[in-house]
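I have placed the structure first, in the form of structure tokens, so that the comments after it can refer back to it.
The values are calculated or read from the model by the stated rules, or taken from the named source; none is laboratory data. Quick caveat, the model's predicted, so the values are computed rather than measured. Please note: Cβ atoms are built from the backbone with ideal geometry, for glycine as well, and neighbour counts cover all protein chains shown. SASA here: full protein model, heavy atoms, side chains in, ligands and nucleic acids out. Shrake-Rupley method; radii C 1.70, N 1.55, O 1.52, S 1.80 Å.
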Amino acid sequence: MTQSAKIAYGDVEVGTELPARSFPVNRATLVRYAGASGDFNPIHWNEKFAKEVGLPDVIAHGMFTMAEAIRVVTDWTGDPGAVVEYGVRFTRPVVVPNDEQGAVIEVSGKVAAKLDDNTVRVDLTATSAGQKVLGMSRAVVRLA
């Protein structure tokens, strides 16, 4: 069964804000992601090693952070297949302390441009601990 975007191109304007989301991440989340992705780099789970290589603590996988951010778009469209292009620059790591809270990735999005062929460009903002963690985070999405 093929899904299609639930948002109509004609109903969207430049400046339309997508619902913001918060994504908690803790050490257990990182271990599960490492298992799923095969990325067992010790900077993502070993505090001693992370600090020895100059990091403040264990950090989340960049691809994990990127995946959480695009969820704002896929939740909005109702169809992950609606994402035509997606790219980011990693600007700062998401530091994940070994405590009860872990870290939180805050993501918001806004329609920045209406393009051809029922597509729009969505610009995303992702922060953690008050710091921008993704730059140039943009997705092109095909709407209904």
Next item on the list: Filter segment 93-118 down to residues that are over 12 Å from the mean Cα position of the chain (by Cα), open to solvent by 10 Å² or more (accessible area, probe 1.4 Å) and more than 23 Å from D57 (Cβ to Cβ), then give me how many there are.
Entry: 8
Notebook entry, point to check: Before we move on, is T29 in contact (Cβ under 8 Å) with a residue 24 or more places away in the chain, in a helix (DSSP H, G or I), under 23 Å from T77 (Cβ atoms) and of a type in the set (S, T, N, Q)?
Noted result: no
Note to self: Please go through (1) surrounded by fewer than 19 Cβ atoms within 10 Å (Cβ to Cβ); (2) touching a helix residue (DSSP H, G or I) at 6+ places or on another chain (Cβ under 6 Å) for A28 and return the number of the only condition it doesn't satisfy.
What the structure shows: (2)
Next item on the list: Give me a count of the residues in segment 66-86 that are open to solvent by 10 Å² or more (accessible area, probe 1.4 Å) and either within 10 Å of the chain's Cα centre (by Cα) or on the phi > 0 side of the Ramachandran plot (or both).
Entry: 6
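Every residue, every condition in (1) among the aliphatic types (A, V, I, L, M); (2) closer than 28 Å to V120 by Cβ; (3) out of contact with any His (no Cβ under 7 Å at 6 or more places or on another chain); (4) at pLDDT 95 or above, yes or no:
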residue	(1), (2), (3), (4)
Y9	no, yes, yes, yes
A28	yes, no, yes, yes
N41	no, no, yes, yes
K48	no, no, yes, yes
P56	no, no, yes, yes
E68	no, yes, yes, yes
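So, of the residues in segment 39-55 that are part of a helix (DSSP H, G or I) and not basic (K, R), which turns out to be least open to solvent (accessible area, probe 1.4 Å)?
Looking only at segment 39-55, we keep the residues that are part of a helix (DSSP H, G or I), and these are 42-44, 47-52.
Checking the rest, the ones that are also not basic (K, R) come to 42-44, 47, 49-50, 52.
Details: P42: 38, I43: 32, H44: 16, E47: 66, F49: 77, A50: 0, E52: 120 Å².
Ranking the qualifying residues of segment 39-55, first place goes to A50.
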